[in-house]
Amino acid sequence: MMGERRVDQAALFYTFSLEDHVPANHLLRSIDRFVELEGLRAHLAPFYSAMGRPSIDPELLIRMLLVGYCFGIRSERRLCEEVHLNLAYRCFCRLGLEGVVPDHSTFSKNRHGRFRESDLLRQLFDTVLRRCMSEGLVGGEGFAVDASLIKAEANRERSVPGDPGLPPEASSRAIDEYLAVLDDAAFGAATPVTPKFISPVDPAARWTAANKGPAFFAYATNYLIDLEHAVIVDVEASTAVRPAELTAARTMIERVRERHDLHPDHLAADTAYGSAEMLEWLVNDQGIAPHITIIDKSGRTDGTFSRADFTYDRAADLYRCPGGKELKQYRRAFRADHPDTPPDDTYRYRASKIDCDACALKPNCCPNGPARKVTRSIHEGARDVARDIARTDAYVTSRRERKKVEMLFAHLKRILRLDRLRLRGPCGARDEFLLAATAQNLRKMARLIPLQTAPAPA
């Protein structure tokens, strides 16, 4: 017999607990163990007025943002709807059943004001990183660094040519931020090259075609990770050009050393970080072994001897050619005030014309010149260190482990859905990258450290 729903008299009292209705294996249960916001109110206290109506609890806003970035909820308007409806989200945000979800505009007000003025999101990231360190997930011996392009919230069809620059009447918060970072090594001062196009709504975003497809406006998110468990130890936003990525790598290495006393023994990176200046900084300034493929354009394709065929004698400061002849910088004495460092940071070693004319190997060495010349960077010593490391088994291992940072970028774009920015300007990019990296570290701890559930009663 088909039954029908019976409407009983409504109960006067209900016993309902959110804890009982959130699954024991829910991701937010695991993440909640590692969210430490005890010092948040004290950190933000100087940025609130002592008078007036009480504001929205900043801990609630941070918890809601963590929910959004952990589950790829990109819209703050939709985030408020999801927190209102989802019991697990309400439980994580400490809202209970009757707690009021704040309006989505509250996030913008606090982000552009107190959160950025107090650098709260950086502090939140550092707090989560310190928890990763206390849980033993950061070895501190080997790091890897890389950058990935994230599309900016800028329409390529509405761009303007880069040579004239922005129109005089253009004005917005993103433009003010762009003008503020014109001298920043990670943004405006990263390269003197004028971009082909500029976006009027986000001029700090860089026009790039680095992905071998249609050009677009983008920022670069830079990750410095610990190779033991792929924990992100630092993150930095920069413009989408290679010099800015190198600057961001230096900034992150110095910052983790100052803030967290982390100093790696070796650093793994791709060829983009193999410039002579970067290797010099790692080897001689930081004492870090570079597990990096160097940028070397000394090889020749015309069949003649390359620089690698010449042997460098460090003690005598000269090269020896395959025929045994010497190539020297100078063959006569100079005055005492002769500069030791060349203006272009490149030493030039030349063979004697007499030796080259009598050499049987001249057709394979310098067939079109009177004598052979070999150049050497002033940073070549650091490049030699990188070449020696590249022949070791440890280098092969670190090259394989370096892929962990690329996996983090894939997770960032596919799972957390941060393949395109929602906020504009350098500050907006920095906020999104910090929150996304914080969410990735929280998810990492939740996965590596299982939640201990209480045994069922007998």
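The values are calculated or read from the model by the stated rules, or taken from the named source; none is laboratory data. The structure presented is a predicted model; accordingly, all values stated were derived computationally and were not measured. For neighbour counting, all protein chains shown are included, and Cβ atoms are generated from backbone atoms with ideal geometry for every residue, glycine included. We work out accessible area using only protein heavy atoms, side chains counted, and drop any ligands, DNA or RNA first. Shrake-Rupley method; radii C 1.70, N 1.55, O 1.52, S 1.80 Å.
Brief remarks follow.
- Distant alpha-carbon pairs in the range 234-305 (separation over 16 angstrom), percent: 54 percent
- Hydrodynamic radius (Kirkwood) for the chain, which is based on Cα pairs only, to one decimal in Å: 26.1 Å
- Largest accessible area first, the residues His112, His411 order themselves as His112, His411 under a 1.4 Å probe with ligands, DNA and RNA left out.
- Percent antiparallel among DSSP beta bridges (both partners in the range 107-250, rounded to 5): 100 percent
- Probe 1.4 Å - accessible area at Asp302, Å² to nearest ten: 110 Å²
- Of all accessible heavy-atom area on the chain, the percent that carbon and sulfur account for (1.4 Å): 50 percent
- Kirkwood radius, the range 72-216, all distinct C-alpha pairs, inverse of mean reciprocal distance: 19.3 Å.
- The range 31-126 - Rg over Rh from alpha carbon coordinates, Kirkwood radius: 0.94
- Using a cutoff of 8 angstrom between alpha carbon atoms and counting only pairs six or more residues apart, the relative contact order for the range 199-282 works out to 19 percent.
- Rounded FRET efficiency, nearest 0.05, which uses the C-beta distance separating Ser298 from Glu59 and R0 of 45 Å: 0.20
- Using the 1.4 Å probe convention, the accessible area of the range 198-326 works out to 41 Å² per residue with neighbouring protein chains retained.
- Debye intensity ratio I(q)/I(0), log10, the range 343-458, q values 0.14 Å⁻¹ (C-alpha model): -0.89
- Normalised by the number of residues in the chain, the mean separation of alpha-carbon contacts (under 8 Å, six or more apart) gives a relative contact order of 19 percent.
- Full extension of the chain between Lys373 and Ala308 gives 22.1 nm of extra length, using 0.36 nm per residue less the Cα-Cα distance.
- Remark: the range 351-403 carries a charge dipole of roughly 260 debye about the Cα centre, counting +1 on each Lys and Arg Cβ and -1 on each Asp and Glu Cβ.
- Ratio Rg/Rh, restricted to the range 277-362 and using Cα atoms, in which Rh is the Kirkwood radius: 1.02
- Along the axis of the charge dipole computed for the range 160-258 (Cβ charges of +1 for Lys and Arg, -1 for Asp and Glu, origin at the Cα centre), the listed residues Thr191, Ala209, Gly162 are led at the positive end by Ala209.
- Maximal additional length on extending the Lys353-Lys196 stretch stands at 51.8 nm, based on 0.36 nm per residue less the C-alpha distance.
- If a spin label sat at a point 7 angstrom from the Cα of Glu169 along the line to its beta carbon, the backbone N atoms of the range 188-207 nearer than 17 Å would be those of 200-201.
- Point-charge dipole on Cβ atoms (K/R +1, D/E -1) for the range 62-199, about Cα centre, debye to 20: 440 debye
- Rounded to the nearest 20 debye, dipole of the chain from Cβ charges on Lys, Arg, Asp, Glu: 1200 debye
- Estimated from the Cβ-Cβ distance and a Förster radius of 41 angstrom, the FRET efficiency linking Leu87 and Val160 is about 0.25.
- Per residue, in Å², the accessible surface of the range 70-194 once ligands and nucleic acids are set aside, probe 1.4 Å: 51 Å²
- The string of couplings for the range 341-347 from the Karplus curve (6.51, -1.76, 1.60, θ = phi - 60°) is 9, x, x, 9, 6, 9, 7 Hz, one whole number per residue in order, with x for Gly and Pro.
- Pairwise label distance in nanometres, Asp285 with Thr392, each label 7 Å out on the Cα-Cβ vector: 2.3 nm
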